[in-house]
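To keep things clear, I will list the structure first and then write my remarks on it.
Derivation of every value follows stated rules applied to the coordinates shown; laboratory data play no part. The structure presented is a predicted model; accordingly, all values stated were derived computationally and were not measured. Glycine also receives a Cβ, built like all others from the backbone with ideal geometry; neighbour counts cover every protein chain displayed.
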């Protein structure tokens, strides 16, 4: 998605060789006009997939997922990172290792909102090691729902997540795939 | 907002006298069509306020804030509950006590995204004790930005937050104000 790549080149900030800060438009301040274009592009790519639920994980996936859901006319469920008092009763649970935060946390989704017959599109802002996505896929599997694929805004293609998930036959659509980056030369994308 | 009140009566679940679960449409599974109506209503109420930024707090405010921002043509900033490695540098920080989780946490926003000249609308899903809102107001004050008011989806009007904030002269627009509730009789709204 050329518009997104241009925005990353313009406003993304590279730290070292593996941190790409896009917090001015994607995951802290959020450019909702850009999100609209992202949502339309996900809809175009998954138009014939019969998506009836979008699943994401708190927090930075939620905004993109909600804007995208307008183009699919479906609800969004966000998986929660810790069990709160307000979610009583039955939940599906999986564990996800966060490389950013250096810890493992529980991720839950209520059993009431995912089940057989659901065709689920997973949306997230980043794909790097793929741990968060695998956690969401596990929740979908536990629910007996069908995983349609994943729509990712930025994939760090030099990290192993994308390749490993595609090898399993999962459809991963990333709108910008970063091949390499450095503070000197900026971001290079996969063609 | 009658449509919202009807939805709460229909799908909200009361636990005891102070827990209202709306996780089937508001803060776990999210009904994006309803969010569109909520966004339009916030835009109607704050139409003449010159809003150029919407501020919310992770996680459950983000979806409502993003959908609402489409009607204001402005970006959304979500305040983060803990400092992550990916937000380096200068941030505004405040502390918020969570009654739901029984702890105090730091809430931050990057100094790059809020400043003098900004006219900020705060959006959140719930107002009860008002602790989260006060934290966001403090961040706006630190930034030298102007607080236009707060748009709240559900206010527990029997808890002290709303009255305390309105007494300070802050404009609080709540789309559904719960006067009282019980498992037997359901939810009663302020007229």
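Taking the label point 7 Å from Cα in the Cβ direction, how far apart in nm is residue A:101 from each other copy of itself, listed shortest first?
Spelled out, the distances from residue A:101's label point are 0.7 nm.
Expressed as an acute angle from 0 to 90° and rounded to the nearest 10, what is the orientation of the C-alpha long axis of helix A:32-45 relative to the principal long axis of chain A?
70 degrees
Specify the angular offset, from 0 to 90 degrees and rounded to the nearest 10, of the alpha carbon long axis of helix A:131-143 from the longest principal axis of the alpha carbons in chain A.
20 degrees
Which of rounded, prolate or oblate describes the protein assembly as shown when judged by the alpha-carbon gyration tensor and an a/c cut-off of 1.5?
oblate
Would you mind estimating how fast region B:24-127 diffuses translationally, via Stokes-Einstein at 37 °C and 0.692 mPa s with the Kirkwood radius over Cα pairs, in µm²/s?
So the translational diffusion coefficient is about 223 µm²/s.
In terms of the ratio Rg/(2.2 N^0.38 Å) built on C-alpha atoms, what value belongs to chain B?
Dividing the Cα Rg of chain B by 2.2 N^0.38 Å gives 0.99.
Considering every residue in B:99-111, what mean count of other chain Cβ atoms within 10 Å of its Cβ is obtained?
Mean inter-chain Cβ contacts per residue within 10 Å come to 1.
Please compute the average number of Cβ atoms from other chains found within 10 Å of each residue's Cβ in peptide A:60-68.
The mean count of partner-chain Cβ atoms within 10 Å per residue comes to 6.
Name the residue, out of B:34, B:55, B:147, whose mean-square fluctuation peaks in a Gaussian network model built on chain B with Cα pairs under 10 Å.
Most flexible of the set in this elastic network: B:34.
Angle, helix A:2-11 long axis vs. longest principal axis of chain A, Cα atoms, 0 to 90°, nearest 10?
70 degrees
Counting DSSP beta bridges with both partners in region B:35-123, what percentage is antiparallel, nearest 5?
Counting only bridges with both partners in region B:35-123, antiparallel ones make up about 55 percent.
Between residue B:191 and the same site in the other copies, what are the distances in nm, shortest first, taking label points 7 Å from Cα along the C-beta direction?
When each copy's label point is compared with this one, the spacings are 7.2 nm.
Where the label is 7 Å out from Cα toward Cβ, how close does residue B:163 come to the same position in every other copy, in nm, shortest first?
Once sorted, the set of distances for residue B:163 reads 6.3 nm.
Pick from A:12, A:50, A:39 the residue whose mean-square fluctuation is largest in a GNM of chain A, springs joining Cα atoms under 10 Å.
Result: A:50 has the largest fluctuation of those listed.
Using only alpha carbons, build the gyration tensor for region A:99-173 and give me the equivalent ellipsoid semi-axes, biggest first, whole Å.
21, 16, 10
Order these by the 10 Å Cβ neighbour count, fewest first: B:25, B:42, A:126.
Taking fewest neighbouring Cβ atoms as first place, the list is B:25, A:126, B:42.
What relative contact order, as a whole-number percentage, does region A:2-182 give when Cα pairs under 8 Å and 6 or more residues apart are counted?
The normalised contact order for region A:2-182 reaches 20 percent.
What number, rounded to the nearest 500 deg cm²/dmol, is the helix-based mean residue ellipticity at 222 nm of the protein assembly as shown, given -39500 (n - 2.57) per DSSP H run of at least four residues and division by all its residues?
-8500 deg cm²/dmol
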